[in-house]
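Just below is one structure, and these are the notes that go with it.
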Amino acid sequence: MTDKLVEKLRRERDLSDSELKELIESGAHDEALRQAADEVRRERYGDAVFLRGLIEFTSYCKNNCLYCGLRAGNRNAERYRLSKDEILACCAEGYALGYRTFVLQGGEDPYYTDDMICDIVREIRARYPDCAITLSIGEKPRESYERYFEAGANRYLLRHETADLIHYGQLHPADMSGENRKRCLRDLKEIGYQVGSGFMVGSPYQTTDNLIADLRFLQKLQPDMIGIGPYITHRDTPFKNEKNGSVELTLRMLSILRLMFPYALLPSTTALGTIDPHGRELGLQSGGNVVMPNLSPTGVREKYAIYDNKICTGEESAQCRRCLEMRIESAGYRAVTDRGDVRRDETGVKDDT
Ligand code: SAM
Ligand code: SF4
Ligand code: FES
């Protein structure tokens, strides 16, 4: 039997707030949502799953987001920084494994000046002209974003975390603001980056109305990539007694995103794989089409502890590559190793191999 609400969302790529509320809260539409999301994803991207090599290059952070284990106030966190040479060695390994996108992610660490970031980006650009370079290093002045772009970065990941400013204030200390985060996203788009935004599902104090506000914000921003994952508690944060987000709600939100943003690159996140052993496979079957295997040196992986029990900390990069390939195939898809650019056109599936 067809589900009228799901069909309407698929057709119109939009619903009223009360209709969205029903989809988000009920659970009765889950199977129809998942099926429609998978069909839409296959129309646009076929069975391709894009791989992004993730290099977590610093666990230092000057910020104090209340949910994150890397927050400056966490005295128990073990800190590390990768040198330029170590980062380049990760890229070399990733390139040999077939990755054509490198994601440089880290806490907001003032040790890396704009000159240093530009120098690293320039060197990666010179060595791997066929690869996309993605930065995910937080909120910066517009001029810094411009400099990284000129140096050769093409993409930037910055989740808005929550679009509701009051909720944002409940998740962050007073010296951070949701307005500045949104300003960053607008700047990044204007400069010409392919932009990824997104939010945590089930973060403390989050309501259905907050999730609807997230969807409305994304409709305005029209990002190329939307990263969502369950909130997971870290034992050394002020939220240590809060509950984790759920797999069910994360998958439901992924499917809704696929129907609202058919073109989008939607990662099936490590956080999803952390709260459920098959979370990433389920994420792919619910509309996801990107995975971000870890390329960081094994010696530092455990130290990039943004939440408890993070997976893939003991494995070599090549092991994660093989493991993911198997998981992608078992879920019914195919790992591809091109740059995996966004497809905003409606011409349908192209061959990736
Ligand atoms: N510092 C940069 C930033 O905040 O954009 C990049 C690194 S930060 C660790 C990357 C993402 O991790 C954040 O955007 C946030 O959504 C996610 N994150 C942080 N703490 C988390 C937690 N406890 N559970 C799930 N996701 C979390
Ligand atoms: Fe720092 Fe990012 Fe963690 Fe916030 S989420 S404390 S900015 S690493
Ligand atoms: Fe890292 Fe499975 S993906 S071990």
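The values are calculated or read from the model by the stated rules, or taken from the named source; none is laboratory data. Every value quoted in this text rests on a predicted model; they were computed, and no experiment measured them. No Cβ is skipped: glycine too gets one built from the backbone with ideal geometry, and neighbour counts run over all protein chains shown.
Residue by residue, here is whether (1) away from ligand 3 (no atom under 16 Å from the Cβ); (2) crowded, with 22+ Cβ neighbours inside 10 Å holds:
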{"residue": "Pro230", "(1), (2)": "yes, yes"}
{"residue": "Pro238", "(1), (2)": "yes, no"}
{"residue": "Leu249", "(1), (2)": "yes, no"}
{"residue": "Arg252", "(1), (2)": "yes, yes"}
{"residue": "Leu257", "(1), (2)": "yes, yes"}
{"residue": "Pro267", "(1), (2)": "no, yes"}
{"residue": "Thr274", "(1), (2)": "no, no"}
{"residue": "Leu284", "(1), (2)": "no, yes"}
{"residue": "Val291", "(1), (2)": "no, yes"}
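Restricting attention to segment 8-20, does a residue exist that is touching a helix residue (DSSP H, G or I) at 6+ places or on another chain (Cβ under 6 Å) and free of Cβ contacts under 8 Å to residues at least 12 places away in the same chain? Looking for residues that are touching a helix residue (DSSP H, G or I) at 6+ places or on another chain (Cβ under 6 Å) and free of Cβ contacts under 8 Å to residues at least 12 places away in the same chain, one finds at least one in segment 8-20, hence yes.
Could you check, for segment 97-112, whether at least one of its residues is touching a Leu at 6+ places or on another chain (Cβ under 7 Å), surrounded by 21 or more Cβ atoms within 10 Å (Cβ to Cβ) and free of Cβ contacts under 8 Å to residues at least 60 places away in the same chain? Scanning segment 97-112, I find at least one residue that is touching a Leu at 6+ places or on another chain (Cβ under 7 Å), surrounded by 21 or more Cβ atoms within 10 Å (Cβ to Cβ) and free of Cβ contacts under 8 Å to residues at least 60 places away in the same chain, so the answer is yes.
Mind checking which residues of segment 30-63 are closer than 25 Å to Pro238 by Cβ and either of a type in the set (Gly, Ala, Ser) or under 20 Å from the mean Cα position of the chain (by Cα) (or both)? Passing the criteria: Glu56, Thr58, Ser59, Tyr60, Cys61, Asn63.
So that you can scan it fast, the table gives a plain yes or no per residue for (1) more than 12 Å from ligand 1 (Cβ to nearest atom); (2) in a strand (DSSP E or B); (3) at pLDDT below 95; (4) farther than 30 Å from Glu7 by Cβ:
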{"position": "Gln35", "(1), (2), (3), (4)": "yes, no, no, no"}
{"position": "Arg42", "(1), (2), (3), (4)": "yes, no, no, no"}
{"position": "Val49", "(1), (2), (3), (4)": "yes, yes, no, no"}
{"position": "Leu54", "(1), (2), (3), (4)": "no, yes, no, yes"}
{"position": "Leu66", "(1), (2), (3), (4)": "no, no, no, yes"}
{"position": "Asn74", "(1), (2), (3), (4)": "no, no, no, yes"}
{"position": "Glu78", "(1), (2), (3), (4)": "yes, no, no, yes"}
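Residue count for segment 293-306, restricted to those that are of a type in the set (A, V, I, L, M) and either surrounded by fewer than 20 Cβ atoms within 10 Å (Cβ to Cβ) or under 19 Å from Arg13 (Cα atoms) (or both): 1. Within segment 80-99, being more than 16 Å from ligand 3 (Cβ to nearest atom) and outside any loop (DSSP other than H, G, I, E, B) holds for Arg81, Lys84, Asp85, Glu86, Ile87, Leu88, Ala89, Cys91, Ala92, Tyr95, Ala96.
Yes/no matrix, rows are residues, columns are (1) surrounded by 22 or more Cβ atoms within 10 Å (Cβ to Cβ); (2) polar (S, T, N, Q); (3) at pLDDT below 95:
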site	(1), (2), (3)
Phe149	no, no, no
Tyr156	yes, no, no
Arg159	no, no, no
Ile166	no, no, no
Asn180	no, yes, no
Arg186	no, no, no
Phe199	yes, no, no
